[in-house]
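Q: Structure in structure tokens, see below.
The values are calculated or read from the model by the stated rules, or taken from the named source; none is laboratory data. Everything quoted here is computed from the prediction, not taken from an experiment. All Cβ positions, glycine included, derive from the backbone under ideal geometry; neighbour counts span all protein chains shown. With ligands, DNA and RNA removed, areas are computed over all heavy atoms of the protein, side chains included. Shrake-Rupley method; radii C 1.70, N 1.55, O 1.52, S 1.80 Å.
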Amino acid sequence: MNPSPCQHCGARTEMWICNSCTATLRQTVEQLPWLANQLALTFARQSRLTPAPSAARRRPVSEDDEESPLPFVPAARDRYDEIRTVLVRWVRDLCEQIGIEFTGSEPATIADLSAWLLAHLDRLITSEDAGLALGELVDVAERGIAAINRPVPPVYRGPCPAVVGTDQRGRPITCGVPLYAQRTETEGGVTVGADMVTCVRCGTTHDGRALEQKLLAKMSGYLMPADEILRVMRELGEPVAKSTWHNWRAKGKIQPRAWRHRGRIVNYWLTSEDEKLYRLDDVRALREAGMAATTARM
């Protein structure tokens, strides 16, 4: 074959795809069984891109188990099925082209399909469909990665304070739409809210830091139950792990400031059913002291 453009990237090559694209094709096919397992764990809500648990701790989700868990994350389930469909199609096409049969389990697992395709990759790259195969396999892998690599949630900055009009008595009416600042990553790997926040309704741009301080000043004395405290801290970009929270309580570092008794907030404990309420200021101060101590030891 005379040198011609690579079907995928356009580089000059004597094959249908160039050496660089061939390496990409090999790496992609090698990655698919791992990616399929991560997608299975994701739609079962068992993992966040962490190593799979050992068999002794938890039975992993089988790749092609007909009795798979309910798809709590539908996109992950869809991407998993898509990977298997694309692999099956290319294995079948290659079997027809070279006149051999697929050797693997029945029904074929993604691991079996990938292994077979890798074993016959030299035949695939000499096929006129090599560029099409590379494009489809890379595309399905990228969509799978996107399904398990969840974006970092934005930081709540309170309601939009922009004045958008006046009422019948001439009093200002504020926009009030919840504002969220996108997170940016610092050199230390810590995510913080962006400096500027633009309202999606009125289009007003605000100083994110000023909004943060205003929100914290307003909420500092709020009394909240434990689950709400942890949610608010997460929204503010200052997450506290549940294990840390339980450790604080066990060691008496955090104490309730009040209790909710039959719908009323009281300053003393009456019954075991009373809900404990904590102050946001106390939690933020304790978290900041812990981070300072950790930094000092480094």
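Q: May I ask you to verify whether ARG231 is within 26 Å of ARG157 (Cα to Cα), without any contact (Cβ under 8 Å) to a residue 12 or more places away in the chain and open to solvent by 60 Å² or more (accessible area, probe 1.4 Å)?
A: Yes.
Q: Can you report the number of residues in the range 234-274 which are open to solvent by less than 70 Å² (accessible area, probe 1.4 Å), over 20 Å from LYS218 (Cβ atoms) and of a type in the set (D, E, K, R)?
A: 1
Q: Filter the range 5-52 for residues that are open to solvent by 70 Å² or more (accessible area, probe 1.4 Å), modelled with pLDDT under 75 and either assigned to a helix (DSSP H, G or I) or in contact with a Leu (Cβ under 8 Å, 6 or more places away or on another chain) (or both) and give the result.
A: Within the range 5-52, GLN7, HIS8 qualify.
Q: Here's another thing I want to ask about it. Does the range 235-245 include one or more residues that are farther than 20 Å from VAL155 by Cβ, aliphatic (A, V, I, L, M) and touching a residue at least 24 places away in the same chain (Cβ under 8 Å)?
A: no
Q: Checking the condition of a type in the set (Asp, Glu) and touching a residue at least 12 places away in the same chain (Cβ under 8 Å), which residue from ASP129, ASP122 passes?
A: ASP129
Residues checked against (1) of a type in the set (Asp, Glu); (2) open to solvent by less than 50 Å² (accessible area, probe 1.4 Å); (3) under 26 Å from the mean Cα position of the chain (by Cα):
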{"site": "ARG79", "(1), (2), (3)": "no, no, yes"}
{"site": "GLU82", "(1), (2), (3)": "yes, yes, yes"}
{"site": "THR85", "(1), (2), (3)": "no, no, yes"}
{"site": "ASP93", "(1), (2), (3)": "yes, no, no"}
{"site": "ILE98", "(1), (2), (3)": "no, yes, no"}
{"site": "ALA108", "(1), (2), (3)": "no, yes, no"}
